[in-house]
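**Q** First the structure, then my questions, so here it is.
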Number of protein chains: 4
Amino acid sequence: MHAYGDLAERLRTFAVQRDWEQFHTPKNLAMALSGEVGELVAELQWLTPKESASVMADPEAGARVRAELADIFLYLTRLADVLGVDLLQAAHDKIADNERRYDAEAYRGSARKAPPLA
Amino acid sequence: MHAYGDLAERLRTFAVQRDWEQFHTPKNLAMALSGEVGELVAELQWLTPKESASVMADPEAGARVRAELADIFLYLTRLADVLGVDLLQAAHDKIADNERRYDAEAYRGSARKAPPLA
Amino acid sequence: MHAYGDLAERLRTFAVQRDWEQFHTPKNLAMALSGEVGELVAELQWLTPKESASVMADPEAGARVRAELADIFLYLTRLADVLGVDLLQAAHDKIADNERRYDAEAYRGSARKAPPLA
Amino acid sequence: MHAYGDLAERLRTFAVQRDWEQFHTPKNLAMALSGEVGELVAELQWLTPKESASVMADPEAGARVRAELADIFLYLTRLADVLGVDLLQAAHDKIADNERRYDAEAYRGSARKAPPLA
C-alpha cells in the first residue's frame, strides 16, 4: 500500500539523478501533462459512452488506458511538487467547496446546470 | 493529513448524492479532464519557462493554478475509480519501468533522447 | 467569401500592430491552441454523442461552440504561419495519404481498425 | 492553389465512402481534435520557446510538426462541417471582434493584459 507523498519524492529523485530538473519547468510539465491527456482521450474517442465503461475488459486497451492514467498522474504530481502545491489538500479544499456550492437536493440529476465535479 | 484513498471515496459519495453517476462515463470524464488541463495550460501559455517557475508568487495567479491542479486531480481520481484502476499503484509501476528504461548515467542531462517522466 | 490566405495575413498584421509577435513563439501558440480546444471539449463533455449533434440548435451553446471553433482556427492559422507551414497544402497531403492508406472497401464501417481521418 | 471549401468537401466524401459518418459526431470529433493537439504539444514540450521557433529546421521533427498541424486542421474542418459552421467566416468575425476590443495602442507589447488572439 503506497502513500501519495512517496510518489512525489520518487519522481524528484528520478529527475535529480538524470539532471532533468532543468527541463521540469511548470510550463514544460503542463505541456507534457496536456500531451498525456491527449493520448488518453485518443483511446476513448471512437467509443460510445457505454463502450467506454467497459474499456478495461479488453486486456490490450485496458493496459494502455491504465498506463495513460499513470502517465497523467506522474506529470500532475511532478508539476504540483515543482510548484510547491499540496495536491491532495488542494483537491480536498476544492471538493469541499463543491459540496457547499452544489446542494445535493437542488442539483440532483442535472449535469447541465453545473459542472459535476469541479 | 489526507490519504489518497479517501479522495476517491469522497468523490464517489458526491456523485451518488447528486445522482451524477449517470454522467460519469469514462468518455465524459476524460473530456472533463482534458478541459481542466486546457484551463491550466492557459494560465501558463504566455509566460516564459522561467516566469512559470514563479507563478505561485502572484497570489491571484497562484490561487487559480492551485485550483486548476485540484480540478485535474479530482477528475483523474474519479476517472480511475470508475475504471477500477488503482491510480497510485499504476503510477508506481510506471515510474519503476522508467527507472529501468532510462539509465541514470546514459540519459543524464538529455531531454531530447527520452521523455523525462513517462 | 473569404480566401484562407487572407486570414493568416490578417492575424500577422494584428500581432505586428500590438507588438505581440514576441509572444507568438510556436511553443506559446501550441499552448494557446491546446487551451482553446479544452474550452471546446468542455462545451460537449456532458452531452451524449447524439445530443452533441444538435448543439447548434441551442442559440447560446451554439454561439459559444462557433466562437471556440473560431478561436482554435485563429491559433492554428497563426501557428502554421509562424512555422512557415502551408496549412491547406499540408492538410491535402495528409488526406491524400489517408485515401491511399485506408482503402474504402476494406475499412468500410470500422472505426476501431483505423483512425477515421488522420 | 487550394480553396478552403474544397477541404471540407473532400473529408465529407472520405467519410461517406468508408461509412464513417456514424463515428463523426461532434463529441467524438472534438475528442479526436484534442488528441491531435496533444501530439503537437508533445513535439514542443521540452524545447525552449526559442528552440521551438526553429523546429522546422530539423527535417524529421519538422515533418512531424507539419503532419500534426495537418491532422488538427482535418479534424477541425470536419467538426465545423458536421456542425454546419462556416469556419472561415467565424474566424474573421472573431478577429474583427478582437481588433475592436484590443486597441492597438492601448495593448501594445502587453500579453498579460489580454489574450493575444482570441
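The values are calculated or read from the model by the stated rules, or taken from the named source; none is laboratory data. Worth saying up front: this structure is predicted, and the values here are computed from it rather than measured. Cβ: placed from backbone, ideal geometry, glycine included. Neighbour counts: every protein chain shown. Keep in mind that these areas ignore ligands, DNA and RNA; they rest on the heavy atoms of the full protein, side chains included. Shrake-Rupley method; radii C 1.70, N 1.55, O 1.52, S 1.80 Å.
**Q** Quick one: C:S54 ticks every box in (1) under 18 Å from the mean Cα position of the chain (by Cα); (2) away from chain B (no Cβ under 14 Å); (3) of a type in the set (S, T, Y); (4) under 20 Å from B:F23 (Cα atoms) except a single one, so which number is it?
**A** Only one criterion is unmet by C:S54, namely (1).
**Q** Out of (1) at the interface with chain B (Cβ under 7 Å from one of its Cβ atoms); (2) more than 15 Å from B:L79 (Cα to Cα); (3) modelled with pLDDT of 95 or more, what's the single condition that is false for A:E99?
**A** Among (1) at the interface with chain B (Cβ under 7 Å from one of its Cβ atoms); (2) more than 15 Å from B:L79 (Cα to Cα); (3) modelled with pLDDT of 95 or more, the lone unmet condition for A:E99 is (3).
**Q** So, of the residues in the range B:1-11 that are among the hydrophobic types (A, V, I, L, M, F, W, C) and in a helix (DSSP H, G or I), which turns out to be farthest from the other protein chains (Cβ to nearest Cβ)?
**A** Once the filter is applied, the top-ranked residue is B:A8.
**Q** Please give the number of the condition C:S110 fails out of (1) at pLDDT below 95; (2) of a type in the set (S, T, N, Q); (3) closer than 30 Å to B:E21 by Cβ.
**A** Condition not satisfied by C:S110: (3).
**Q** Considering only the range B:57-68, how many residues are within 7 Å of another protein chain (Cβ to nearest Cβ) and under 27 Å from D:K50 (Cβ atoms)?
**A** 1
**Q** Out of D:A57, D:A53, D:A67, D:A63, which single residue is closer than 27 Å to C:L44 by Cα and open to solvent by 20 Å² or more (accessible area, probe 1.4 Å)?
**A** D:A67
**Q** Give the residues of the range C:102-112 that are free of Cβ contacts under 8 Å to residues at least 12 places away in the same chain and either outside any loop (DSSP other than H, G, I, E, B) or surrounded by 15 or more Cβ atoms within 10 Å (Cβ to Cβ) (or both), sorted by residue number.
**A** Once the filter is applied, which keeps residues that are free of Cβ contacts under 8 Å to residues at least 12 places away in the same chain and either outside any loop (DSSP other than H, G, I, E, B) or surrounded by 15 or more Cβ atoms within 10 Å (Cβ to Cβ) (or both), the range C:102-112 yields C:Y107, C:S110, C:A111.
**Q** Only one of (1) more than 19 Å from D:F14 (Cβ to Cβ); (2) away from chain A (no Cβ under 14 Å) fails for D:K27. Which number is that?
**A** Of (1) more than 19 Å from D:F14 (Cβ to Cβ); (2) away from chain A (no Cβ under 14 Å), only one is false for D:K27: (2).
**Q** Only one residue in A:D81, A:D71 is modelled with pLDDT of 95 or more, within 14 Å of chain D (Cβ to nearest Cβ) and part of a helix (DSSP H, G or I). Which one?
**A** The conditions single out A:D71.
**Q** Go through the range B:12-24 and give me each residue that's more than 18 Å from the chain's Cα centre (by Cα), open to solvent by less than 30 Å² (accessible area, probe 1.4 Å) and either touching a residue at least 12 places away in the same chain (Cβ under 8 Å) or more than 7 Å from every other protein chain (Cβ to nearest Cβ) (or both).
**A** Selection gives B:A15 alone.
**Q** Mind telling me which of the residues B:L88, B:L40, B:L83 ends up being of a type outside the set (F, W, Y) and in contact with a Pro (Cβ under 7 Å, 6 or more places away or on another chain)?
**A** Of B:L88, B:L40, B:L83, the one residue that is of a type outside the set (F, W, Y) and in contact with a Pro (Cβ under 7 Å, 6 or more places away or on another chain) is B:L83.
**Q** For residues in the range B:32-50 being within 11 Å of chain C (Cβ to nearest Cβ) and open to solvent by 30 Å² or more (accessible area, probe 1.4 Å), which is farthest from A:Q89 (Cα to Cα)?
**A** Among them, the one singled out is B:T48.
**Q** Taking the conditions exactly as written (under 30 Å from C:F23 (Cβ atoms), modelled with pLDDT of 95 or more and open to solvent by 20 Å² or more (accessible area, probe 1.4 Å)), does B:E9 satisfy them or not?
**A** So B:E9 fails the test.
**Q** B:G84 - would you say it is open to solvent by 20 Å² or more (accessible area, probe 1.4 Å), in contact with a helix residue (DSSP H, G or I) (Cβ under 7 Å, 6 or more places away or on another chain), without any contact (Cβ under 8 Å) to a residue 40 or more places away in the chain and under 30 Å from A:R108 (Cβ atoms)?
**A** yes
**Q** Does B:Q89 satisfy the condition of being free of Cβ contacts under 8 Å to residues at least 12 places away in the same chain, more than 14 Å from chain C (Cβ to nearest Cβ) and closer than 20 Å to A:R78 by Cβ?
**A** Yes.
**Q** Across the range D:40-51, what is the total count of residues that are over 13 Å from the mean Cα position of the chain (by Cα) and part of a helix (DSSP H, G or I)?
**A** Qualifying residue count for the region: 6.
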